[in-house]
1. Go through region 104-117 residue by residue and tally those that are surrounded by fewer than 17 Cβ atoms within 10 Å (Cβ to Cβ) and touching a strand residue (DSSP E or B) at 6+ places or on another chain (Cβ under 8 Å).
2. Report whether or not Phe100 is in contact with a Pro (Cβ under 7 Å, 6 or more places away or on another chain), surrounded by fewer than 20 Cβ atoms within 10 Å (Cβ to Cβ) and part of a strand (DSSP E or B).
3. Go over the candidates Phe99, Phe89, Phe54 one by one and state the one that is in contact with a Gly (Cβ under 6 Å, 6 or more places away or on another chain), under 18 Å from Pro117 (Cβ atoms) and touching a residue at least 40 places away in the same chain (Cβ under 8 Å).
Amino acid sequence: MRWILFISMLFFAGMAEAQDEPIRWELKLSTDSLLLGNVLKVSFKLHNAQGRNFQAPAFSGFQLIGGPNQSSSMSIVNGTVSRESSYSFFLQPLEEGVFFIDPGIIQVGEKFLETPPLEVIVFPNPDGVEQTVPQENLNWESLPWQKPPGPKEKKKKKRKIYRI
């Protein structure tokens, strides 16, 4: 039993030392401009660290449609440990104009990391054009304005009949 404990301690100590990737805290938007009445996806991502006490911005000028949605992943490849935590929100602008997505703050160890603010331009939409929401990792049940894609229908192949 002691050997198993000793070997697992060495394994996890080696994993902790193998992490050479820098810590990154970033803010990503599905688009930097959109038409009024459409939806913006805002994602805060933490790379190669475990964060806590995430503080989302107020999202002034937007209505919160969905979120916060949280996901995390960890992988070990050839002794290199990489982690990613993500917090995403779906927002709808309340009016046209230029807005800023304020910084998101997260604590990593004793430090507090902050994303830079990003600008979003909302244009008028007199024709009611609907823009699509990015569909990677999209939880259809949480989005009342989207319908899940139906099963793909198989197209029947037409057979050619030759008469002799």
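1. Within region 104-117, the first condition is being surrounded by fewer than 17 Cβ atoms within 10 Å (Cβ to Cβ), and the residues that meet it are 107-112, 114, 116-117.
Restricting the remaining residues to those that are touching a strand residue (DSSP E or B) at 6+ places or on another chain (Cβ under 8 Å) gives 107-108, 112, 114, 116-117.
Qualifying residue count for the region: 6.
2. Judged against the criteria, Phe100 is a match.
3. The unique qualifying residue is Phe89.
This table checks each residue for (1) more than 12 Å from Ser88 (Cβ to Cβ); (2) modelled with pLDDT under 90.
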| site | (1), (2) |
| --- | --- |
| Ala13 | yes, yes |
| Ala16 | yes, yes |
| Gln19 | yes, yes |
| Pro22 | yes, yes |
| Leu29 | no, no |
| Leu46 | yes, no |
| Gln50 | yes, yes |
| Ala58 | yes, no |
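Quick grid of which residues meet (1) modelled with pLDDT under 70; (2) surrounded by 10 or more Cβ atoms within 10 Å (Cβ to Cβ); (3) part of a strand (DSSP E or B):
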{"site": "Val81", "(1), (2), (3)": "no, yes, yes"}
{"site": "Pro134", "(1), (2), (3)": "yes, yes, no"}
{"site": "Leu138", "(1), (2), (3)": "yes, yes, no"}
{"site": "Glu141", "(1), (2), (3)": "yes, no, no"}
{"site": "Pro151", "(1), (2), (3)": "yes, no, no"}
{"site": "Lys155", "(1), (2), (3)": "yes, no, no"}
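The values are calculated or read from the model by the stated rules, or taken from the named source; none is laboratory data. A quick note: this is a predicted structure, and the numbers were derived from the prediction, not measured. As a convention, Cβ positions derive from the backbone with ideal geometry for all residues, glycine included, and neighbour counts pool all protein chains shown.
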